[in-house]
Structures are given as structure tokens and as C-alpha cells.
Amino acid sequence: MVSVEGGHIYVRVNGDLKEPKPPLVMTHGGPGSAHWYFLNATALADERGVILYDQLDSGRSDHPGDPKNWRVARFVDELPAIASALGVERWHMLGTSWGGTIALEYAARRPAELASVIIQSALISTDIWMRDSNRLKNEMPPDIRDTLDRCFEPGGPPKEECDKATDAFYARHIIRHEPPPEIAAYRAALPRSFSADVYNHMWGPAEFLASGTLKDYDGRPLLKKLDGRRTLFTTGEYDEALPSTIAAFAAEVPGATFREIPGAAHMIMNDNPVAYLAVLRDWLSRHDAV
């Protein structure tokens, strides 16, 4: 447990942090998810340390439940606290979705600490995220689309119908394959695998309806501060973070690399770990010494 502003966060290390290769720290999404869906990445611990953690109010971390802690800058500041606690001076970072927002902010503000950054399926602009999510919602079968449209209106469908329609959207664009039994059991054993209070406060009631503190977020000005030689943008073939959008963000960073992972939705490490691990192994090894 690492001390941060507001409480203590859970940090897990696989592999040896004394390896000559810089470790990889991975930042989960949500806001309010947990580290469980990165477990397949511990396969990388055969050659470097792999650091997984739960943000404050998520997973195995403390849950003070205080909205004053739910600020972008405070979540970014968890990373130097982890590095200091583990004695890490330089590392690779991968952040996904909301965690990709944290990765963008961290890489723009503390580049000297990074061997490289992987920005996966990231929330970079809420306006663009909403545009894309609503496009995908509108491409769902008409009955599902219509249910989703009415779920947040007064007198809308029963919760069971809304949950069923949301699950259909998630099965297409968030997670296309159920986790294997051992990972599902690990997730079930977490104190919290999803913190709805954080998600609702910072984002809103659904992926395609932003009403929280991130509703006006725009990290596009930070793109010009990234070192493109050390920046990899990734997304899944069926991701709610559309490949065309993520590729366009990558094009704004001179020298940056973009990779689309086939067969995967938003949770790439769950949906196609073999292909993603191959991309990451190659990327990390080529940037260890940069």
C-alpha cells in the first residue's frame, strides 16, 4: 500500500524491479475500474518488472469516498508516489481509456521519467469521445438503440431492459470475450472491481452520456508536448475508441506510432492478449535505451 493524497493505494509487482530493463507501469480505466483486466500482461515479467495498481477509491485501494480526491491532477500524482515507493527512476507507462488520459497528462508533464508511453484507447477529448460513442450507439440494432436513447429520460424503460441494452453495447465495443476462469475469480475476489460512485461523479451514467467533471475535458493541447519517438497509440479493431480517431490523434504527434489490435474491443489485453503482448514486447525492447 502506497501513501498518496487522500489515502493509500494498492500496488502489485510481478517480476524483478532490479532487471536492467525499465519496468512497465499500467494504469486502469474507468474512472473507477481496477487492475484485474491487465493480469495477462504479467507475462511480460519474464524480462522486466510489471507494476499494476488500483487508483484511490478503486479495487484494493482505500475507498475514502471523498469527491475532492477525484481530480485529474491528483490521479496523475499517484504515479510519482508509486515510483518513489518502489525506487523506480525510469519506466515505461501504459494507460488505457481514462488511464490513457492519465498517461497523456503524465507523459506531457514528466517526460524525463519515461522510457516510453503507450496511450491505449484513450479519452483525449470528451467531445470527440461522445461523438464516437453516440455514433456506435446509433449503429446498434434499432430496438437496442431506442432503448438506450430512452434509458435516461423520465419514465424510461425498466432498469432490466436498460441493463440488457447496455450489456449488448458493451459486448460489441467494450469486452468481446469473457475473462478466463482464473481472471474472473480474481476479479470477483476484489473488494471492488468497479466503483460506480467515482465513475458517475467524473464521467456520468453511461459511456455515451458524459455529465460529470470530465464532461469538458480536452487534452488535445498536451499532444504537442509528447515525444513522438517514444509514444505509441493503440486501440482495438472494435473499440469504442475508434481506430480512425486514435490514428488521427497519433498523427498530431510527429514521430508517434499507431497500432490497431485485431479482434479486440476496448479491453484489448483481455480480448486479444497474444497479439497485444507481441506488439508490447517489440515496442518496449526497442525503447528500453531511448
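With 16 Å as the cut-off, how large is the P(r) tail for the stretch 220-290, expressed as percent of Cα-Cα pairs?
51
What angle do you read, to the nearest 10 degrees and between 0 and 90, between the alpha-carbon axis of helix 159-173 and the longest principal axis of the chain?
The answer is roughly 50 degrees.
Could you work out how far apart the two model spin labels at Glu139 and Glu237 are, taking each label as a point 7 Å from the Cα in the direction of the beta carbon, and quote it in nm?
1.4
Between Ala248 and Arg109, what length comes free when the chain is fully extended (0.36 nm per residue of separation minus the Cα-Cα distance, one decimal in nm)?
Going from the current span to full extension adds 47.9 nm.
Going by alpha carbons, how many degrees (0 to 90, nearest 10) lie between the helix axis of 98-109 and the longest principal axis of the chain?
Helix 98-109 and the main axis of the chain meet at about 40 degrees.
Need one value: the accessible area of Thr126 in square angstrom, 1.4 angstrom probe, rounded to the nearest 10.
0
Sorted by mean Cβ packing within 10 Å, highest first, what order do the peptides 213-221, 138-146 take?
213-221, 138-146
So if we plug the beta-carbon distance of Lys18 and Ala43 into 1/(1 + (r/R0)^6) with R0 = 25 Å, what FRET efficiency do we get, rounded to 0.05?
Given R0 = 25 Å and the Cβ-Cβ separation, E is 0.80.
So for the chain, averaging the separation of alpha carbon pairs under 8 Å that are six or more residues apart and normalising by length, what relative contact order in percent results?
Answer for the chain is 21 percent.
So for each of 40-48, 18-26 I average, over its residues, the number of other beta carbons within 10 Å; can you give me the resulting order with the highest mean first?
Those peptides, ordered most packed to least, come out 18-26, 40-48.
Per 0.36 nm of contour for each residue apart, how much would the distance between Glu160 and Met130 grow if the chain were fully extended, relative to their Cα-Cα spacing?
8.4 nm
Could you tell me what percent of the accessible area of the chain is made up of carbon and sulfur, with a 1.4 Å probe and every protein chain present?
Looking at the chain in its full context, I get 52 percent from C and S.
By how many degrees, between 0 and 90 and to the nearest 10, does the Cα long axis of helix 273-287 differ from the longest principal axis of the chain?
Orientation of helix 273-287: about 40 degrees from the principal axis.
Using heavy-atom solvent-accessible surface (probe 1.4 Å) with all chains present, what is the largest-first order of Glu113, Glu178, Glu105?
Output order, biggest surface exposure first: Glu178, Glu113, Glu105.
Please give the per residue volume of the convex hull enclosing the alpha carbon atoms of the stretch 12-82, rounded to a whole number of Å³.
Convex hull volume per residue, Cα atoms: 84 Å³.
Using the heavy atoms of the protein chains and a 1.4 angstrom probe, tell me the accessible area per residue for the chain in square angstrom.
On a per-residue basis, 41 Å².
The values are calculated or read from the model by the stated rules, or taken from the named source; none is laboratory data. Worth saying up front: this structure is predicted, and the values here are computed from it rather than measured. FYI the Cβ positions are ideal-geometry reconstructions off the backbone, even for glycines, and counts take in every protein chain you see. Each accessible area value is taken on the protein alone, full model and side chains, heavy atoms only, with ligands, DNA and RNA left out. Shrake-Rupley method; radii C 1.70, N 1.55, O 1.52, S 1.80 Å.
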